[in-house]
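Readers should treat all values here as calculations from the given coordinates under stated rules, not as data from a laboratory. The shown structure was predicted, so the numbers you read here are calculated from the model rather than taken from an experiment. Cβ: placed from backbone, ideal geometry, glycine included. Neighbour counts: every protein chain shown.
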Amino acid sequence: MRAALALIAALAVGPVAAQPEGFGAAMDEALEAGGETAPFLRCAGLFRAFHLLLGDETETGAEALEAELDLAVASSRLREAETGAPADAVMAEIAPLIAAAAELYLQRMVANAAETGQEMDAGLSETLEACAVLRGQILGTGTGGAE
């Protein structure tokens, strides 16, 4: 399972290159402690940002929460295999990393909205696509459910 999850995680890495200057480095720094799970944490953070931005009351916000949880669970399983730590310790470790990623995405979305009137930019759109694919691979559907 670990090898399959590591292979799937590689899908989420590519779009990071399309990010604005400094964003990728800030995200890498925020997720450094996540080890091999960083792509999953990055995606969980993106979906959390959407959930926080849109709220539980919207269908998209609720779907984003589901996607975040799917990716957090996958990250937890991979991290457990990577470190040998128990599930509760792993969840305590990754929760602040997901929150840090979400904060970076929220700051970016707010800055985009202030500058262009749109929260999304090309890099975020590419990352969302990659994260939806990653989630789909985890769920075995081939596509993400929160696209």
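Here 29, 129 are screened, and the one residue that is within 12 Å of the chain's Cα centre (by Cα), on the phi < 0 side of the Ramachandran plot, surrounded by fewer than 19 Cβ atoms within 10 Å (Cβ to Cβ) and not hydrophobic (A, V, I, L, M, F, W, C) is 129. Any residue at all in region 99-112 that is polar (S, T, N, Q) and under 21 Å from residue 21 (Cα atoms)? Checking region 99-112: at least one residue is polar (S, T, N, Q) and under 21 Å from residue 21 (Cα atoms).
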